[in-house]
Structures are given as C-alpha cells and as structure tokens.
1. Using the count of nearby Cβ atoms within 10 Å as a rough guide to exposure, how do Asp155, Asp126 rank from fewest to most?
2. Return the FRET efficiency for the residue pair Asp51, Ile170: r is the Cβ-Cβ distance, R0 is 30 Å, and the value is rounded to the nearest 0.05.
3. Pop the C-beta distance of Gln117 and Leu83 into the FRET formula with R0 = 41 Å and round what comes out to the nearest 0.05.
4. Residues with amide H under 5 Å of Ala29's amide H, sequence separation 5 or more or different chain, H placed in the peptide plane at 1.01 Å from N; which?
5. Give the order of Asp121, Asp183 when sorted by the count of other beta carbons within 10 angstrom, beginning with the fewest.
6. Given q = 0.10, 0.12, 0.16, 0.17 Å⁻¹, what are the Debye log10 I(q)/I(0) values for the stretch 7-187, with equal point scatterers placed on the Cα positions and solvent ignored?
7. ³J(HN,Hα) across the stretch 80-92 via Karplus (A = 6.51, B = -1.76, C = 1.60, θ = phi - 60°), whole Hz, x for Gly/Pro?
8. Let me have the 222 nm mean residue ellipticity of the chain computed from DSSP H runs of 4+ only, each contributing -39500 (n - 2.57), with the sum over all residues rounded to the nearest 500.
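Please treat every number below as a calculation from the coordinates, not as lab data. The structure presented is a predicted model; accordingly, all values stated were derived computationally and were not measured. With ideal geometry, Cβ positions are generated from the backbone for all residues, glycine too; neighbour counts draw on all protein chains shown.
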Amino acid sequence: MPRFFDEAEFEALTAAAELLVPGDEDTSAPSARDVGVADYIDTLLGAFTFDPPRIWAGGPYSGRHGGAASFDDFIPLSPIEELAWRTRIEGSQGQGEREFNGSVRGWQERYREGLAQLGPDFSSLDPADQAARLDQVPEFRTLLYQHACEARYGDPAYGGNREAAGWTFIGFTGDVQPRGYTDVEVLGRD
C-alpha cells in the first residue's frame, strides 16, 4: 500500500520507471520493478508519515554480515534537518521559514505534476507510446531517473534495491561491517 501516491499514480510511476531502468535477461540486470523503484520513491515522498521520518537509516550495522540489524531504526531529525528535508520533499508551501531562499517546488508537487502530464491512461499504453509521453516531460524524466538510480543502488533500508539486487548486479557486497574487508579483498582489487 503506497504511503504518498494513490494506486493509479503508483502504477504509472512503476511503468515510467520501468522505461528508464529496464531489466536485461542477458546480463541479469534488474529492472526498476525488480528493485522496487516506485516503493523507494513512495517511501521518500512519504518520509514524514513515519515516526521518526525515514530520512537517515540507523546503524552502525545492517545485520547482513553480523552485528545487530540497526539500519531499520531510523534516526530522529534535528529541527534544521527536518526543515531542510520538508522543504525538499514538500516544498516551501508559502511558509516563511521554508522560503528563506525563495519559493521551492517540492518533490511531491513535481511528481504529482509529472504523473498528471503523463495522463491517466499511461500505464495501459504500449512502451513506445509511454516513452514518447515521458519524453514530453523532460524535467520529470530527469527527476525520476535520478531517484531510480538511488533506488537501484542505494541501501535497501530506504525501500529500493530489493534483496540487494542492484548491488548483486554490479558485484558490490554492500555494507560489510562489522566484518570489514580482508587484506586479500583489498589487495586483489583491480
């Protein structure tokens, strides 16, 4: 169940992300759907529906290589961090404390506008027509691609990189603490 998007927006977002990050069976590259790009973006835009907000994952260990699994324990934000992240995500909304550098269109507004410009039938179109529509909104396409890359290769604690599929694809072991790297692993790198 999405935190920020409605079901139709989530479906359109998933289809648009799949165009930008398609899977490849020949190379085993995971697609946007495989790594959960839409889930990552939805969690990011709905970060303040969680307590504490899902901005900074805890630590020091994820539990994937030992240690207590504390990445899922998100860290409370300081007042200035909350102001900065709310402005980035929600926009300035005419609030003076958020407009010290002028008006800001937040990611929530930019995603809603971009998805609306794709049209309510976007998910039902064939991929060529979807790509043509996505090309009509280059600012949205750029924002979506940036977040799709974060979702594919970021830490799974943030809602993307499902089952570390992006890391597996590029041969990245991910966080290895508390084990660290052995001398052989460090010296054997090209």
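1. Going from sparsest to densest Cβ surroundings: Asp126, Asp155.
2. Rounded to the nearest 0.05, the efficiency is 0.35.
3. E(calc), rounded to 0.05, equals 0.90.
4. The answer is Asp24.
5. Going from least to most buried by this count: Asp183, Asp121.
6. -0.48, -0.67, -1.05, -1.13
7. Once rounded to whole Hz, the list reads 6, 5, 4, 4, 4, 6, 5, 5, 4, 7, 8, x, 7.
8. -13500 deg cm²/dmol
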